[in-house]
Amino acid sequence: MYILKDKTQLEKAIAKAKKIRTSVKFIKFGVYSVRGTKGNFYTIECKKVDNQKVVECNCLGGLANLVCWHSCCALSLHIGLARQRQAT
Ligand SMILES: [Zn+2]
């Protein structure tokens with residue numbers, strides 16, 4: 001789990017996510033499933049806690065509070081959906 005503060009902390013993970021090009025599955029708003037390199041699926045949760053954006057992934061990196069590429073895949077979808085929500 002990590003707190004999302006600015007985009008620079010995501011840069012490396014985003015670059016990796018672009019290389020791997022996996023699929024992201026929408027489960028519900030704020031919860032996504034991302035396919036890992038070995039065909040396994042990780043669950044990512046994007047939520048707000050005390051007005052901070054918190055991202056949780058159940059992979060080893062996520063459990064060690066690192067920014068993983070799965071969470072970046074989920075985040076890009078989540079941010080798009082959140083924008084749509086605000087627009088309507
Ligand atoms: Zn992860």
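Read-outs throughout are calculated quantities, based only on the coordinates presented, and are distinct from any laboratory measurement. Computed from a predicted structure; not experimentally measured. When we count neighbours, we look across all protein chains shown, and the Cβ atoms used for this are built from the backbone with ideal geometry, even at glycine.
Residues that are surrounded by 13 or more Cβ atoms within 10 Å (Cβ to Cβ) and farther than 18 Å from LYS25 by Cα within segment 66-87 comprise LEU66, VAL67, listed in sequence order. Of everything in segment 64-88, what is under 10 Å from TYR2 (Cα atoms) and without any contact (Cβ under 8 Å) to a residue 24 or more places away in the chain? Give them in sequence order. The one that is under 10 Å from TYR2 (Cα atoms) and without any contact (Cβ under 8 Å) to a residue 24 or more places away in the chain: ALA64.
When segment 32-67 is examined, which residues are found to be in contact with a helix residue (DSSP H, G or I) (Cβ under 7 Å, 6 or more places away or on another chain) and not hydrophobic (A, V, I, L, M, F, W, C)? Across segment 32-67, the qualifying residues are TYR32, GLY36, THR37, TYR42, GLU56, GLY62.
Sort out which residues of segment 28-48 are assigned to a strand (DSSP E or B) and more than 15 Å from the ligand (Cβ to nearest atom), and write them in order of number. LYS28, LYS47, LYS48 - these are the residues of segment 28-48 that are assigned to a strand (DSSP E or B) and more than 15 Å from the ligand (Cβ to nearest atom). Of everything in segment 49-65 that is surrounded by 10 or more Cβ atoms within 10 Å (Cβ to Cβ) and charged (D, E, K, R), the residue that is farthest from the ligand (Cβ to nearest atom) is LYS53. Residues in segment 1-27 that are surrounded by fewer than 16 Cβ atoms within 10 Å (Cβ to Cβ) and part of a strand (DSSP E or B): ILE3, LYS25, PHE26, ILE27. Inclusion of ALA64 among residues that are of a type outside the set (Lys, Arg) and more than 10 Å from the chain's Cα centre (by Cα) is warranted.
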